[in-house]
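Asks: Submitted below is the structure of interest, expressed as structure tokens.
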């Protein structure tokens, strides 16, 4: 615990240095101290993960009435370790990013402060400590989001949505945890866990639904996700990486901690609701990601998609545990946590790569990019690794966790509960459909953004970003490759986290090794052998081509434009764009996406039958926002306009209000 606390203190010091040092030293000084703090937190969490022994601390010096309770068990340590790794990359990246964007002192100070609160939440061991840490995380993330608020009203609009949704979620979490603490008679998580059977089943269900709403909103689950595609694109890129790679994970942590930990597993229908949220989030997020042309908005919606897959795993694990299938529950939960770790790696690298593109070209619109593979080769390689990882290409980490999740769901069909089997089948279908949509989205991002010819002058003049930005992105991309080739290295720490989450110590779900081998079940894959086989096949194919005799005509090299379809007159305007790439998909899913089209035709002065210019505009709004939130906003605005008419300055009206209120009080008391 001491090393972990030193890490938190170092991050607080980094925030102080960023606010007080001169402009020449504050970026580098804050980053160096912040990196040291992240490493210390990683070491402290790693020790708990490797040994499986929790560490705890209680002090009354900070909060005299309730005290501060911290306890780092393997489940919480896993989230601390993941957050620390993403934080290391974001802090390293922020040196080069800040030198270009020149953020203010508050914006610079908020990055390490935000990271410190993210590391604090999983260690909170009482209701008061948890809620304080949660609110600090919400406040620092909001201030970090507003770091570039001078660049336009979109950032302020995103911050308003984020602030509203996060505080609604916090209120729901507060009510749920207070119900449990009141019923048990203690706010300690350990006491609630030990006496959760004293909580009546209806009250436990109400508490779980409340905390599920709060934590699902933080995880970006549909329909509570509306803040996410607004906030993540507008935040500074290091903050976006922390939000998508670390903060949304804490929503999953809260569901597992309360549902499996404090409430001991609960009812079957709880977890079926979680599965339903996951399926809706996975499909909705993948579909919007495939249709988006803003690269950071695309990544934000893919976060909704991947959080949906993780929630499918968490819900399926809870349902299997409720059916008595504890071994399968452990396997599926391990797969969900494994995908959470992998999502942090590839999504963090993708957001940092997208920030590099915006830094070099001044835009996030894929329709205005192109040809960046030659001008930014290192960024192209790193972004490509993240894109192939999230598309579940064998040999990268996304494939390992999605394969494991698929195997767990398929083996769960041996459950004796028909409703659980139906939920698992729906989860398998969602995994298959979203896999294809995700591949479509990132083929579009890579092909349109990096290949072909530049579509704008800024894209043609783009240059590679600095070494610190590349180093931060490369750290996470390297994790995608290492974990993808030898996924077995993550199994020991994941086993300890699963054992901590599921009471009763279920048996190990996977055998030790560098690959993935299901214990007591049929199913194994070794990505290292797959990679070696693919490389060997490429070498053999290349050798065969060299040995085959060719005519003089075939030996003569030919040059042609990339993506030119054999033509010699290819121009940027004739290349496919992100909008046109996604147009067939939008037609198929028009009832879900509901795009708004605007076609404007300007005719020549000589004749109205001859068009001089044709302008096409398309806007793709969020269907849930339009259907559920806009009516509420309109109603609240109407009540606000009505309320502004009430205080007109008339003393008679105010006395009448007081009289009516007094009569109502007397009637109630009578």
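The values are calculated or read from the model by the stated rules, or taken from the named source; none is laboratory data. Remember, it's a predicted structure, so these values are computed and weren't measured experimentally. Positions of Cβ are backbone-derived with ideal geometry, glycine not excepted, and every protein chain shown enters the neighbour counts.
Asks: Would you check if there is a residue in the stretch 395-414 being within 18 Å of the chain's Cα centre (by Cα) and at positive phi?
Replies: No: zero hits.
Asks: Looking at the stretch 162-176, which of its residues are in contact (Cβ under 8 Å) with a residue 60 or more places away in the chain and surrounded by 15 or more Cβ atoms within 10 Å (Cβ to Cβ)? Spell out how you get there, then give the answer.
Replies: We begin by selecting, within the stretch 162-176, every residue in contact (Cβ under 8 Å) with a residue 60 or more places away in the chain; these are 162, 164-166, 173, 176.
162, 165, 166, 173, 176, listed by residue number.
Asks: Under 9 Å by Cβ, and 6 or more places apart or on different chains, what pairs join a residue from the stretch 573-593 that is at positive phi and modelled with pLDDT of 80 or more with one that is assigned to a loop (DSSP other than H, G, I, E, B) and surrounded by 20 or more Cβ atoms within 10 Å (Cβ to Cβ)?
Replies: none
Asks: Restricting to the stretch 430-439, give me the number of residues that are more than 19 Å from the chain's Cα centre (by Cα) and in contact (Cβ under 8 Å) with a residue 60 or more places away in the chain.
Replies: Qualifying residue count, the stretch 430-439: 1.
Asks: Output the number of residues of the stretch 157-190 satisfying the condition of being in contact with a strand residue (DSSP E or B) (Cβ under 9 Å, 6 or more places away or on another chain) and either farther than 12 Å from residue 127 by Cα or assigned to a helix (DSSP H, G or I) (or both). Spell out how you get there, then give the answer.
Replies: Taking the stretch 157-190 first, the residues in contact with a strand residue (DSSP E or B) (Cβ under 9 Å, 6 or more places away or on another chain) are 181, 186-190.
Next, only the ones that are either farther than 12 Å from residue 127 by Cα or assigned to a helix (DSSP H, G or I) (or both) stay: 181, 189-190.
Residues flagged as in contact with a strand residue (DSSP E or B) (Cβ under 9 Å, 6 or more places away or on another chain) and either farther than 12 Å from residue 127 by Cα or assigned to a helix (DSSP H, G or I) (or both) within the stretch 157-190 amount to 3.
Asks: Also, quick follow-up: In this structure, is residue 435 modelled with pLDDT of 90 or more and either in a helix (DSSP H, G or I) or more than 13 Å from residue 473 (Cβ to Cβ) (or both)? Working first, answer last.
Replies: Details: modelled with pLDDT of 90 or more: yes; either in a helix (DSSP H, G or I) or more than 13 Å from residue 473 (Cβ to Cβ) (or both): yes.
So residue 435 passes the test.
Asks: Out of the helices (runs of 4 or more DSSP H) lying entirely within the stretch 477-557, which hold 3 or more residues that are surrounded by fewer than 17 Cβ atoms within 10 Å (Cβ to Cβ), out of contact with any strand residue (DSSP E or B) (no Cβ under 9 Å at 6 or more places or on another chain) and modelled with pLDDT under 80? Write out each step before concluding.
Replies: On the way: elements: 491-501, 527-547, 552-555.
Ranges flagged: 527-547, 552-555.
Asks: Same structure again: Looking at the structure I just gave you, is residue 399 in a helix (DSSP H, G or I), crowded, with 24+ Cβ neighbours inside 10 Å and modelled with pLDDT of 90 or more? Steps first, answer last, please.
Replies: Working: in a helix (DSSP H, G or I): yes; crowded, with 24+ Cβ neighbours inside 10 Å: no; modelled with pLDDT of 90 or more: yes.
So residue 399 does not fit the description; no.
Asks: Please verify whether residue 471 is surrounded by fewer than 19 Cβ atoms within 10 Å (Cβ to Cβ) and within 23 Å of the chain's Cα centre (by Cα), treating the condition exactly as stated. Full working, then the answer.
Replies: Details: surrounded by fewer than 19 Cβ atoms within 10 Å (Cβ to Cβ): yes; within 23 Å of the chain's Cα centre (by Cα): yes.
Taking the combined requirement at face value, the residue satisfies it.
Asks: From the list 125, 113, 144, which one is at pLDDT below 95 and closer than 19 Å to residue 81 by Cβ?
Replies: Working: 113 fails: closer than 19 Å to residue 81 by Cβ; 144 fails: closer than 19 Å to residue 81 by Cβ.
Only one candidate passes the filter, namely 125.
Asks: Right, another one. Output the number of residues of the stretch 1-29 satisfying the condition of being free of Cβ contacts under 8 Å to residues at least 40 places away in the same chain and under 11 Å from residue 112 (Cα atoms).
Replies: 4
Asks: For the stretch 237-257, check the following and say yes or no: at least one residue is farther than 30 Å from residue 88 by Cα, in a helix (DSSP H, G or I) and in contact with a helix residue (DSSP H, G or I) (Cβ under 9 Å, 6 or more places away or on another chain).
Replies: Checked the stretch 237-257: no residue is farther than 30 Å from residue 88 by Cα, in a helix (DSSP H, G or I) and in contact with a helix residue (DSSP H, G or I) (Cβ under 9 Å, 6 or more places away or on another chain).
Asks: Right, next: Suppose the filter is over 30 Å from residue 616 (Cβ atoms) and either more than 16 Å from the chain's Cα centre (by Cα) or at pLDDT below 90 (or both); does residue 423 pass it?
Replies: Taking the combined requirement at face value, the residue satisfies it.
Asks: Being farther than 23 Å from residue 167 by Cβ and out of contact with any helix residue (DSSP H, G or I) (no Cβ under 6 Å at 6 or more places or on another chain) narrows it down to one of 286, 291, 280, 322, so name that one.
Replies: On the way: 286 fails: out of contact with any helix residue (DSSP H, G or I) (no Cβ under 6 Å at 6 or more places or on another chain); 291 fails: out of contact with any helix residue (DSSP H, G or I) (no Cβ under 6 Å at 6 or more places or on another chain); 322 fails: out of contact with any helix residue (DSSP H, G or I) (no Cβ under 6 Å at 6 or more places or on another chain).
Checking each option against the conditions leaves just 280.
Asks: Give the residue, chosen from 448, 443, that is modelled with pLDDT under 95, part of a helix (DSSP H, G or I), out of contact with any helix residue (DSSP H, G or I) (no Cβ under 6 Å at 6 or more places or on another chain) and more than 27 Å from residue 316 (Cα to Cα).
Replies: Working: 448 fails: out of contact with any helix residue (DSSP H, G or I) (no Cβ under 6 Å at 6 or more places or on another chain).
After applying the criteria, what remains is 443.
Asks: Condition first: surrounded by 19 or more Cβ atoms within 10 Å (Cβ to Cβ) and in a helix (DSSP H, G or I). Now tell me which residues in the stretch 451-468 satisfy that.
Replies: 459, 468
Asks: Also: Name the residues in the stretch 618-670 that are touching a residue at least 12 places away in the same chain (Cβ under 8 Å) and surrounded by 10 or more Cβ atoms within 10 Å (Cβ to Cβ), would you?
Replies: Residues of the stretch 618-670 that are touching a residue at least 12 places away in the same chain (Cβ under 8 Å), as a first pass: 618-626, 628-629.
Within the stretch 618-670, 618, 620, 621, 622, 623, 624, 625, 626, 628, 629 meet the criteria.
Asks: Looking at (1) assigned to a helix (DSSP H, G or I); (2) closer than 18 Å to residue 347 by Cα, can you tell me which one residue 394 breaks?
Replies: Of (1) assigned to a helix (DSSP H, G or I); (2) closer than 18 Å to residue 347 by Cα, only one is false for residue 394: (1).
Asks: Scan the stretch 412-428 residue by residue and report those that are in contact with a helix residue (DSSP H, G or I) (Cβ under 8 Å, 6 or more places away or on another chain) and assigned to a helix (DSSP H, G or I). Even if it seems obvious, please write down each step before you answer.
Replies: Step one: filter the stretch 412-428 for residues in contact with a helix residue (DSSP H, G or I) (Cβ under 8 Å, 6 or more places away or on another chain), giving 412-415, 417, 419-421, 423-428.
Passing the criteria: 412, 413, 414, 419, 420, 421, 423, 424, 425, 426, 427, 428.
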